[in-house]
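Below is one structure; the comments refer to it alone.
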Amino acid sequence: MASITIWGRPNSNNVKKALWIAAELGLKYKHVLAGLQHGVNNTPEYLAMNPNGVIPTLQDDDLVLWESNAIVRYLAAEYAVSSGHPALWPASARARAVGDKWMDWTSTTFAGLYRDVFWGYIRTPPEERDMDKITGNLAKVNDLLRMVDAQLGRTAFLSGSEFGVGDIPLGCFIYTYFALPVERPALPNLERWYADLQKRKAYQDVVMIPLS
Ligand SMILES: N[C@@H](CCC(=O)N[C@@H](CS)C(=O)NCC(=O)O)C(=O)O
């Protein structure tokens, strides 16, 4: 029986990715709060596991892993079949590649721009907000989401015709996007996809928590 531990605060989008895939797979794991007010991630013990000092970190027996997308991919690859959810890790590399690119795109193209918008509205007092930066980044975020909307007009999910790990990274961010006190452009396919995600128990339990 595997012994899994996940470190990270549950309101972090990167931690949510790991907790969400674990919930989809029905895995049992120990959860250690870490990051921001919880500390832990700057202790020598934590840095020995994850020298970046960021969250999340996963331990599964003798494997220690960081980078949230790598954690999602590892858990799906290792446990999709044994947990009875083979669709979460298709045997075909071609099938996996479809969603894989959206995982990396979310981290490398979307997350940095979105971070300033989210932190600006949710974690910064109104009088301290840099509205020029927030508004400028929000416009770029909306342009990126128009691209996602076009994709979701062609396929039901970012992973293809079925939900898969390729939907997890952006799925975490999109919950907070739709909760921001801003005007949003019409993104009908993205809204349909978001509505589909909200029907998933794992999404409700892990992702749809109060913003903080
Ligand atoms: N590329 C890393 C980024 C990890 C990251 O930046 N984590 C943030 C939270 S989302 C963090 O550790 N912040 C410091 C803290 O929470 O104390 C990943 O995807 O795992």
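The values are calculated or read from the model by the stated rules, or taken from the named source; none is laboratory data. Just so it is clear, the model here is predicted, and its values are computed rather than measured. Using ideal geometry, Cβ is built from the backbone for each residue, glycine included, and neighbour counts are taken over all protein chains shown. Each accessible area value is taken on the protein alone, full model and side chains, heavy atoms only, with ligands, DNA and RNA left out. Shrake-Rupley method; radii C 1.70, N 1.55, O 1.52, S 1.80 Å.
Dividing the summed helix terms, -39500 (n - 2.57) for each DSSP H run of n ≥ 4, by the number of residues in the chain produces a 222 nm estimate of -16000 deg cm²/dmol to the nearest 500.
Per atom type, the chain shows carbon and sulfur on 54% of its accessible surface, probed at 1.4 Å. At q = 0.13, 0.21 Å⁻¹, work out log10 I(q)/I(0) for the range 4-87 with the Debye formula, treating every Cα as an identical point scatterer and leaving solvent out; two decimals please. Summing over Cα pairs of the range 4-87 leads to -0.37, -0.91. Here the range 148-176 is scanned for amide nitrogen atoms under 19 Å from the site 7 Å beyond the Cα of Thr124 along Cα-to-Cβ, giving 176. Measuring max minus min along each principal axis, the C-alpha atoms of the chain give extents of 49, 42, 26 Å (largest first). Computed from the C-beta positions of Leu33 and Val64 and an R0 of 22 Å, the FRET efficiency is 0.75 to the nearest 0.05.
Look at where the Cα atoms of the range 139-155 and of the range 38-58 average out, and the two centres are 34 Å apart.
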